[in-house]
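Structure first, then comments.
The values are calculated or read from the model by the stated rules, or taken from the named source; none is laboratory data. Since the model is a prediction, treat every value here as computed from it, not as a measurement. Note that we place each Cβ from the backbone using ideal geometry, even for glycine, and neighbour counts take in every protein chain shown.
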Amino acid sequence: MKLSHHISLVFPSINHKGKLPRKYTDEGQGAKKNLSPPLEWYNVPDGTQSMALVVEDIDAPDPSDPVKPWTCWVVANIPPMLKGLPEGFSGKEEEVGGDYACLKEGHNDYKVPGWRGPKLPSHGHRFQFRLFALDEQLKLGNKLFSIKQMHENIENVFQVSVLLRKR
């Protein structure tokens with residue numbers, strides 16, 4: 001089922017130059033580091049049953065010689081009535097509760113579930129945030145899952161890609 005809406009993905013804390021603030025990286029900013037970034041979205045297509053989010057460093061390991069995307073975050077079964085994810089949300093689905101409790105975070109390429117901010121050997125990496133509007137809930141079971149397992153279960157209805165430049 002193809003839907004004709006244009007979904008918008010917004011990063012309220014990203015500055016006008018499109019840089020990912022350090023507090024969302026493994027390098028940190030003061031006492032804060034590895035916080036999952038806040039995200040907002042608008043114009044979710046009618047008929048959307050769930051959404052999925054994938055965040056990848058598309059310049060890994062080096063922007064001058066990228067090999068393969070490095071997955072920083074995978075979130076599945078996001079209810080379509082949610083309008084975003086708050087800062088530092090990763091790992092707190094049940095604590096936040098409500099509609100957030102049914103989200104599932106998968107393994108990133110660090111082999112741990114949830115957001116894991118990048119620790120880069122060089123700067124200038126681009127991060128791709130993709131939000132998928134799906135026509136069904138993903139059947140991932142109760143186990144933790146990887147991006148590969150999610151892609152095997154996904155029927156893409158609509159996709160948004162946003163590129164950010166890392167400091």
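Taking the criterion of being surrounded by 20 or more Cβ atoms within 10 Å (Cβ to Cβ) and among the small types (Gly, Ala, Ser), the residues of region 95-130 that qualify are GLY106, GLY114, GLY117. Kindly provide the set of residues from region 43-76 that are over 27 Å from LYS23 (Cβ atoms) and touching a residue at least 60 places away in the same chain (Cβ under 8 Å), ordered by number. Answer for region 43-76, where residues must be over 27 Å from LYS23 (Cβ atoms) and touching a residue at least 60 places away in the same chain (Cβ under 8 Å): VAL44, PRO45, GLY47, THR48, GLN49, SER50. Counting only strands (runs of 3 or more DSSP E) wholly contained in region 43-139, the ones carrying 1 or more residues that are among the basic types (Lys, Arg) and within 23 Å of LYS32 (Cβ to Cβ) occupy 126-134.
Take the conditions (1) surrounded by 12 or more Cβ atoms within 10 Å (Cβ to Cβ); (2) at pLDDT below 85; (3) within 19 Å of THR48 (Cα to Cα); LYS139 misses just one of them, which is (1).
Mind checking whether some residue in region 35-49 is under 18 Å from HIS125 (Cα atoms), surrounded by 14 or more Cβ atoms within 10 Å (Cβ to Cβ) and more than 15 Å from the chain's Cα centre (by Cα)? Within region 35-49, not a single residue is under 18 Å from HIS125 (Cα atoms), surrounded by 14 or more Cβ atoms within 10 Å (Cβ to Cβ) and more than 15 Å from the chain's Cα centre (by Cα). Once region 1-26 is narrowed to residues that are part of a strand (DSSP E or B) and at pLDDT 85 or above, the residue that is surrounded by the most Cβ atoms within 10 Å (Cβ to Cβ) is LEU9. For TRP73, the conditions (1) more than 13 Å from GLY114 (Cα to Cα); (2) in contact with a Leu (Cβ under 9 Å, 6 or more places away or on another chain); (3) aromatic (Phe, Trp, Tyr) all hold with the exception of (1).
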